[in-house]
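Student: Here's a structure for you.
No value in this document is a laboratory result; all are computed from the given coordinates. Everything numeric in this text was worked out from a predicted model, so none of it was measured. All Cβ positions, glycine included, derive from the backbone under ideal geometry; neighbour counts span all protein chains shown.
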Amino acid sequence: MSSSSNGDVPPNPLECYDLALDYLRGRNGKSRNEFAAYHLLEIAAKRNFHKAQRTLGELYMKGVGCIYPPNPTKALQLMELAAAGGDPIAIHFMNVHKPGPLWIRKAIECEYITCDVFSSFLLQLTNKEDITSEMGEGTKLYMDKIALYKDYIIK
């Protein structure tokens, strides 16, 4: 499972993540090994590598391989960590599974606007008397940014 001849785990979380994907997918000369992939993803996730947190979250959500049965609670915790760190796919996941002003704001900030984010934003506007208090001072900026994406999203 190691990347080096002395059996060490890569010190860089990106290298750890890439090696995990090699094992998960059985590529780059690595045999498919879900246990090795899980171990490396855990290490990279603990090092605050957001892609690893998201990938683990996806595995926990689906209940894949050595992570069975599915664990939606653990998946949501990992996705929330990844989203808080700015991972756009995790932010999208949070907007779908736990919508709210925080995730809408994050999606807008990283310019990852999808139909789901747009719909969630519109629901927030119609269901809240004062969205400004929840989304903060930049509400007008967020609304302007959403307006720029509106025509692109609704096609």
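Student: Any idea how far apart Glu42 and Val9 come out in nm if each label point goes 7 Å out from Cα toward Cβ?
Tutor: Output for this residue pair reads 0.8 nm.
Student: Here is a follow-up. Which value in nm describes the separation of the simple spin-label points at Val64 and Lys98, placed 7 Å from the Cα toward the beta carbon?
Tutor: Reported label-point gap for Val64 and Lys98 is 2.1 nm.
Student: Fewest first, what order do Tyr23, Tyr68 take by the number of other Cβ atoms within 10 Å?
Tutor: Values: Tyr23 22, Tyr68 12.
Ordered from fewest to most neighbouring Cβ atoms within 10 Å, Tyr23, Tyr68 come out as Tyr68, Tyr23.
Student: When Lys and Arg each count +1 and Asp and Glu each count -1, what net charge do the other residues less than 13 Å away from Glu80, Cβ to Cβ, add up to?
Tutor: Numbers: positive: Arg54, Lys74, Lys98, Lys106; negative: Asp87.
Neighbourhood net charge equals +3.
Student: Rounded, prolate or oblate for segment 1-86? Axes are the square roots of the Cα gyration tensor eigenvalues, ordered a ≥ b ≥ c, and the cut-off for rounded is a/c under 1.5. Write out the running numbers ahead of the final one.
Tutor: On the way: a/c = 2.43, a/b = 1.39, b/c = 1.75.
Oblate is the answer for segment 1-86, as a/c is 1.5 or above yet b/c matches or exceeds a/b.
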